[in-house]
């Protein structure tokens with residue numbers, strides 16, 4: 001098991017960032033389709049995907065969105081994270097084999113509740129493919 | 001800028017007309033521990049103030065929270 005970061009509330013300030021990258025493989029898309037039950041042919045059927053305006057299979061939006069969970073659960077704040085809410089905007093398609101970069105920036109911090117608001121931006125070739133806001137509590 | 005009532009309505013999913021200072025977690029179905037944290041965090045962000053942990057733990061109703069904001073000299077509505 002990979003160890004998550006273990007940041008305390010006092011270690012975190014507004015403006016702090018964390019980032020990592022990820023490539024989604026065919027097997028990732030298949031695994032997510034099985035796990036979620038979303039077996040839409042846009043994700044699984046190459047012949048069908050070719051007939052759409054995308055021209056090839058897409059990674060599920062929620063598979064890409066799941067990287068927000070990775071960001072807060074593993075990097076910012078990491079181990080002490082309690083995930084409270086998440087908004088997601090799917091802005092551009094992500095294809096199998098694409099490399100995406102996930103970046104989070106702390107936009108607000110509440111000392112009294114331990115709540116952080118983290119802006120999340122996922123990019124591909126420096127273009128935003130997904131944005132959202134994660135709200136988490138840093139557990140004591 | 002959002003008002004106190006705007007944030008109450010937004011977080012607890014109630015209409016402006018329903019809001020009064022006596023409302024507490026017993027009256028508002030959406031007032032659970034998670035939403036309460038989000039509510040306090042939204043107030044702190046909007047009005048640029050910090051509650052103490054004691055204040056967060058001891059407030060009983062909307063009027064208590066409004067009172068804390070007023071005591072800090074912040075306009076909220």
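Any read-out appearing in this document is the output of simple, stated calculations on the displayed coordinates, not a laboratory observation. Remember, it's a predicted structure, so these values are computed and weren't measured experimentally. Reconstructed Cβ throughout: ideal geometry from the backbone, glycine too, with neighbour counts over all protein chains shown.
Residues in segment A:88-140 that are free of Cβ contacts under 8 Å to residues at least 24 places away in the same chain, within 14 Å of chain B (Cβ to nearest Cβ) and in a strand (DSSP E or B): A:117, A:119.
Evaluated against (1) in contact with a helix residue (DSSP H, G or I) (Cβ under 6 Å, 6 or more places away or on another chain); (2) closer than 30 Å to residue B:59 by Cβ, residue A:87 falls short on exactly one condition, (1). Restricting attention to segment A:1-24, the residues that are within 18 Å of residue A:125 (Cα to Cα) and assigned to a loop (DSSP other than H, G, I, E, B) total 1.
Identification of helices (runs of 4 or more DSSP H) wholly contained in chain B with 2 or more residues that are away from chain A (no Cβ under 12 Å) and within 24 Å of residue A:85 (Cα to Cα) yields B:4-12. When residue A:35 is tested against (1) part of a helix (DSSP H, G or I); (2) within 13 Å of residue A:96 (Cα to Cα), exactly one condition is not met: (2).
Answer yes or no as to whether residue A:67 is away from every other protein chain (no Cβ under 14 Å) and in contact (Cβ under 8 Å) with a residue 12 or more places away in the chain.
For residue A:67, the condition - away from every other protein chain (no Cβ under 14 Å) and in contact (Cβ under 8 Å) with a residue 12 or more places away in the chain - is met.
Of the candidates B:55, B:30, B:42, the single residue that is surrounded by 13 or more Cβ atoms within 10 Å (Cβ to Cβ) and over 15 Å from residue A:113 (Cα atoms) is B:30.
The single condition from (1) surrounded by 12 or more Cβ atoms within 10 Å (Cβ to Cβ); (2) in contact (Cβ under 8 Å) with a residue 24 or more places away in the chain that residue A:49 fails is (2).
Quick check on residue A:82: is it part of a strand (DSSP E or B) and within 14 Å of another protein chain (Cβ to nearest Cβ)? Yes; evaluated as a whole, the condition is true for this residue.
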